[in-house]
Structure formats: C-alpha cells, structure tokens
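What follows is a set of notes on a single structure, which appears directly below.
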Amino acid sequence: MTVAGMLRDKDVMQAANACLQKHPRGDTIFVENVYPMNHGMVGIVTADTSGRRYDCNVDLGSGKVRSSEPIVEPKGPLFVSIGQNKSAPKGECFSSDPLVIDKQLQGWLLTQTGKCGGTSWNGIATATKNPQNQ
C-alpha cells in the first residue's frame, strides 16, 4: 500500500497527526513515510527541513504514540570486516578503501562519494551481501 493510500485511512491520519505533534518544534514538519506494523500499530516517519527525522509508532486502536525516536544515519566512514566481505564492497554512493594492520587486511572503510544526497548509503546492503563479493 502507498503512503497516500494509508493516509486516507482516518486512524492512520490521526496517528500521523499525533506523530507530527511529537516531532520537535522548529522548521516545517512533514510525514516522510508510513508503514504498517504488527499488533494494530503503524509506523510514521516524520522529518523537517533541517534534516531531523523521527520514527514514531502509534497504536491505531487508541491513537496513542508508543514511541518517537530520532533516526540517526551514520555519516561514515563505516567499517566492513573481511569476515563479512572477502572483496571490497561497491556501491553508487560510497567508495571502499582497504584497512590494513601489520600488512594484514582487516576489511574496508566505506566513505560517501557525494554522488547521492544526504547521508545515503544506497547500495550498501546489496554490496555487502552480493555473492560475488564473497
């Protein structure tokens, strides 16, 4: 189901408004994402123009916010162990540099290349799970 489709449900809209109220005040606040959860819960990701993002969980039955936590996206560099990948991970948003201690490869430091906006690590999941990297 799409975000727009989910927001057309009155209970989800009530949840979205509750999460918008929980987001710290400041810049313009908006709903970035809506996702279904188990046990009658819905997740709402709120954001503002400064880049702050919060993951908010609401009980659809009561309309009560159960949690609203900041989303922290690592800016890097990130370390991927050789135990996870036998070769350097590749992605459109980051480069991989070997990390060597005493002439022994430990893994890779991944650094954003600037090709993707914000703190995106687009491709990192597939890069670290790609069978050809193993």
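Label the range 3-71 by shape, choosing from rounded, prolate and oblate, from the square roots a ≥ b ≥ c of the eigenvalues of the Cα gyration tensor; if a/c is under 1.5 it is rounded, and otherwise prolate applies when a/b is larger than b/c, oblate when it is not. Can you show the working numbers first?
Values: a/c = 1.90, a/b = 1.57, b/c = 1.20.
It comes out prolate by the Cα gyration axes.
Given the chain, what count of lysine pairs have C-alpha atoms under 22 Å apart, with each pair 8 or more places apart or on different chains?
Lysine pairs, 8 or more places apart or on different chains, close enough: 11.
So how strong a dipole does the chain carry about its Cα centre when Lys and Arg Cβ are +1 and Asp and Glu Cβ are -1, to the nearest 20 debye? Spell out each step's value before the answer.
On the way: 14 positive and 12 negative charges, 23 e Å.
Using only the charged Cβ atoms, the result is roughly 100 debye.
For Asn33, what charge total do you get from the other residues with a beta carbon under 12 Å from its beta carbon, if Lys and Arg give +1 and Asp and Glu give -1?
Numbers: positive: Arg53; negative: Glu32, Asp55.
Residues near Asn33 contribute -1 overall.
Where does the chain land at 222 nm, in deg cm²/dmol rounded to the nearest 500, when only DSSP H runs of n ≥ 4 count, each adding -39500 (n - 2.57), divided by all residues?
Values: 3 runs with 24 residues, N = 134.
Computed mean residue ellipticity for the chain: -5000 deg cm²/dmol.
From Cα pairs below 8 angstrom and at least 6 apart in sequence, can you work out the relative contact order of the chain, rounded to a whole percent?
On the way: 244 pairs, mean separation 22.1, N = 134.
Relative contact order, the chain: 16 percent.
Suppose the Debye formula is applied to equal point scatterers at every Cα of the chain; what is log10 I(q)/I(0) at q = 0.15, 0.19 Å⁻¹?
For the requested q values the scattering log ratios are -0.81, -0.97.
Pairs of Cα atoms under 8 Å, at least six residues apart: use those to get the relative contact order of the range 3-71, whole percent. Write out the running numbers ahead of the final one.
On the way: 134 pairs, mean separation 19.7, N = 69.
Contact order relative to length: 29 percent.
Around Ile71, with a cut-off of 14 angstrom between Cβ atoms, what is the net charge of the other residues, counting Lys and Arg +1 and Asp and Glu -1?
With Lys, Arg at +1 and Asp, Glu at -1, the neighbours total -1.
Only the coordinates and a few stated rules stand behind these numbers; no lab work does. The model shown is predicted, which means the values in this text are computed figures rather than measured ones. Note that we place each Cβ from the backbone using ideal geometry, even for glycine, and neighbour counts take in every protein chain shown.
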